[in-house]
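Notes follow the structure.
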């Protein structure tokens with residue numbers, strides 16, 4: 001028998017599937033031929049090692065999964081989960097973004113003073129300047145009017161001792177200079193006035209002005225907002241009836257100051273986005289003890305029709 | 001040829017199922033879940049895919065079992081669904097690179113020769129490491145080769161049964177098994193010195 005022929009029989013030989021005569025021939029050849037011996041050792045070892053792979057315990061919920069798949073409602077259910085799946089990524093993505101922000105914060109060693117605040121703008125935010133198309137952009141869904149407590153902000157009078165107020169109280173909707181609003185703290189007790197349409201992210205409405213609705217989500221949402229600055233709603237945007245929702249992610253320092261701000265959801269109008277980023281940077285949250293940096297997403301919806 | 005095969009032990013259960021007894025399916029599931037899952041696991045190379053695949057296979061089996069006429073034995077039929085679904089999945093995966101692929105190819109680039117000799121408490125870890133290399137070796141084979149190796153060397157099916165699962169001749173099983181094993185052995189060449197008789201050269 002030639003070496004080649006012998007080696008071709010290895011596979012059947014290892015399985016004991018050769019008839020006794022052939023088997024004897026192979027054995028005899030192996031005892032005389034060191035080359036084939038070495039070949040055989042390797043071949044045999046490779047098979048042995050494959051056979052030694054352990055059995056893996058199937059997932060304990062496998063039958064549950066199968067049952068869900070075979071129930072009469074399964075088709076719609078599976079379709080729904082398939083649709084819903086992308087939503088479930090919101091949380092991790094959000095957490096990831098927070099981590100990225102925090103790392104960025106450390107890397108640039110932000111000194112938490114407003115002057116030195118660094119604002120990171122991410123994503124190419126297109127500046128749409130087309131005059132046509134009604135110039136109406138609505139990113140994000142519109143809030144139904146009247147859903148939130150109808151008057152702007154319920155001024156929260158009881159001053160907590162030891163907490164400085166940055167701004168004097170001013171009635172909301174009195175757009176002096178367009179900038180500063182001092183709505184005070186939003187009512188805090190019945191938390192979160194959640195707007196649950198995003199599933200994972202629930203927003204608490206913090207202020208509802210004539211043209212802007214502001215709400216907040218994330219770990220920071222339980223903190224009082226000591227100073228709220230309403231973003232400027234540029235006149236051109238009002239005139240052209242530009243609407244949009246901007247979401248800005250921010251990292252809030254223990255002192256209550258806002259560290260880094262990042263456009264999270266663009267309105268597709270860079271000027272609007274920028275105005276929001278700028279305004280949020282001025283916000284001031286209730287200070288906390290400890291060194292925890294908290295993240296939050298502030299959503300601001302511009303709505304000209306509210307006027 | 002089929003007549004030479006032993007009677008399908010699952011026939012009573014299948015009959016019960018076809019007569020409307022839902023619990024019969026659960027019994028079949030319990031008997032075969034590990035086989036289906038492990039076949040998928042070794043063929044696809046990762047846990048999540050194997051879990052989804054096993055789920056899919058049983059759902060499919062459930063759907064088709066009413067029309068199952070016993071032309072083949074139940075378990076070879078179940079293996080056939082599993083293997084074919086896995087091969088299809090592998091084909092569709094070719095165009096997309098999944099994270100686990102990246103992961104594995106990354107792992108593969110780590111030199112197996114950097115292991116320390118297998119002595120003492122490290123041994124278990126090395127066993128795991130070794131298993132991963134073997135799995136990576138399987139992962140590098142084309143789907144057809146993976147299936148014969150998994151069916152024969154991991155599931156322990158006989159040639160006749162493999163032929164039934166794959167719908168091919170005994171001779172085809174023999175030759176593809178030979179080629180698949182040679183291929184796998186080539187893939188494991190790098191770690192051969194380590195797996196030969198427990199680390200001895």
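Evaluating residue A:287 against the criteria (1) crowded, with 20+ Cβ neighbours inside 10 Å; (2) outside any helix (DSSP H, G or I) leaves one unmet condition, (1). Among the helices (runs of 4 or more DSSP H) confined to region B:132-201, the ones with at least 2 residues that are more than 10 Å from chain A (Cβ to nearest Cβ) and buried (at least 22 other Cβ atoms within 10 Å of the Cβ) are located at B:143-149, B:159-166.
Among the residues of region A:29-68, those identified as part of a loop (DSSP other than H, G, I, E, B) and either under 30 Å from residue B:46 (Cβ atoms) or within 14 Å of chain B (Cβ to nearest Cβ) (or both) are A:52, A:53, A:54, A:55, A:56, A:57, A:58, A:59, A:60, A:61.
Looking across region A:7-17, just one residue is crowded, with 18+ Cβ neighbours inside 10 Å and in a loop (DSSP other than H, G, I, E, B), and that is A:9. Considering region A:80-97, and only residues there that are within 14 Å of another protein chain (Cβ to nearest Cβ) and surrounded by fewer than 11 Cβ atoms within 10 Å (Cβ to Cβ), the residue that is modelled with the lowest pLDDT turns out to be A:85. The set of residues in region B:31-59 being surrounded by fewer than 21 Cβ atoms within 10 Å (Cβ to Cβ), farther than 10 Å from residue B:82 by Cα, touching a helix residue (DSSP H, G or I) at 6+ places or on another chain (Cβ under 8 Å) and at the interface with chain A (Cβ under 9 Å from one of its Cβ atoms) consists of B:33, B:47, B:51, B:59.
Within region A:13-28, residues that are away from chain B (no Cβ under 13 Å) reach partners that are surrounded by fewer than 15 Cβ atoms within 10 Å (Cβ to Cβ) and outside any helix (DSSP H, G or I) with beta carbons closer than 8 Å, at six or more positions or on different chains, in the pairs A:23/A:16; A:25/A:1; A:26/A:1. Does region A:246-257 contain at least one residue that is assigned to a loop (DSSP other than H, G, I, E, B) and surrounded by 18 or more Cβ atoms within 10 Å (Cβ to Cβ)? The answer is yes, given that some residue of region A:246-257 is assigned to a loop (DSSP other than H, G, I, E, B) and surrounded by 18 or more Cβ atoms within 10 Å (Cβ to Cβ).
The values are calculated or read from the model by the stated rules, or taken from the named source; none is laboratory data. What you see is a predicted model, and the numbers here were worked out from it, not measured in a lab. Here the Cβ is made from the backbone with ideal geometry for all residues, glycine too, and neighbour counts use every protein chain on show.
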